[in-house]
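Accompanying notes for the structure given below.
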Amino acid sequence: MKIYHIAYEPTFRSLDIHFWTKCNLSCQACYTHYEKRDFGLLDDPIAGITQRTREKPPKRFLTLAEVISRIEDLEIERAIFMGTEPTLDPEMPQLAQALHHHFKCYNIILTNGLRAFDLTHIDEVIFSIKALSDKLHRDYTGRSNKNIVKNFIAIYKSGKKLQAETVLIPDYIDKYEIERIAEFIADIEPNIPLRIDAYFPVGDNPWRAATADEVEAAAKLATKSLNKVNCLTLEMKRIGEKSVRIF
């Protein structure tokens with residue numbers, strides 16, 4: 001199993017489970033190469049990441065039995081699978097099943113959607129759509145988005161709860177590209193929620209940070225098509241208690 005880090009948010013009784021796999025996308029602005037800890041553990045994670053060089057990959061991983069042993073005394077209402085790309089861990093479905101069995105918790109997975117995966121013990125999918133334009137998607141991630149589009153539709157048809165998220169990168173993946181993403185989602189179901197995140201500088205990329213006004217402008221365009229659009233800007237502060245590191 002490729003779990004290298006676990007954090008627990010006491011306020012929300014939420015378990016954040018971080019996987020480290022060789023991601024099937026090569027996103028230029030991926031922050032996991034610069035900060036591997038859960039953001040809930042850090043007072044100002046974004047400021048720290050912008051000043052860092054690439055870190056080495058983790059070397060220690062937990063088995064399924066070790067994960068359960070470390071969390072068995074926690075009160076867990078939801079578990080979130082995240083990291084590089086959790087769907088690439090072949091043991092992920094076993095963990096989801098174990099969490100359902102032991103804690104009756106609500107399982108959420110964050111995915112880039114390139115690969116179809118076992119949804120049996122997943123309650124909600126947060127699906128990252130980098131760009132709708134295949135050319136732009138290839139430039140940013142190194143891969144076509146054709147399978148991603150197909151898998152987004154397939155997950156919706158499966159009946160699982162689904163929401164989308166994307167990142168506004170000024171002068172690159174801009175508000176008009178996000179408007180096109182919103183239109184694509186709305187053609188499937190206008191009540192699918194979309195979250196728009198503000199880009200923050202990572203590595204040697206040329207893009208500046210997205211401002212709150214820019215994210216809100218993108219959200220305004222997206223609401224022409226979608227009924228549920230929210231934003232995550234760089235000015236937003238933590239809600240609830242600071243997370244606790246479990247591993």
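Key figures
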{"item": "Antiparallel %, DSSP beta bridges [both residues in region 3-245], to 5", "result": "25"}
{"item": "For region 115-238, alpha-carbon Rg relative to the globular expectation (2.2 N^0.38 Å, N residues)", "result": "1.05"}
{"item": "C-alpha long axis of helix 146-158 to longest principal axis of the chain, angle in °", "result": "60"}
{"item": "Percent of Cα-Cα distances greater than 14 Å, calculated over region 192-233", "result": "48"}
{"item": "Extension gain from Thr211 to Gln97, taking 0.36 nm per residue of separation minus the Cα-Cα distance", "result": "37.0 nm"}
{"item": "As computed over region 3-245, the Cα convex hull volume per residue (Å³)", "result": "120"}
{"item": "Estimated D of region 19-97 in µm² per second, where Rh is the Kirkwood radius over Cα pairs and Stokes-Einstein applies at 4 °C, 1.567 mPa s", "result": "89"}
{"item": "Residue with peak Gaussian network fluctuation, the chain [Cα springs, cutoff 10 Å], from Thr233, Thr53, Thr21", "result": "Thr53"}
{"item": "Nearby lysines by direct alpha-carbon distance to Lys104 (threshold 20 angstrom, same-chain neighbours under 8 apart not counted)", "result": "Lys160, Lys161"}
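A short reminder: the numbers here are calculations on the coordinates, not readings from a lab. Note that the structure is predicted; figures quoted are calculated from it, not measured.
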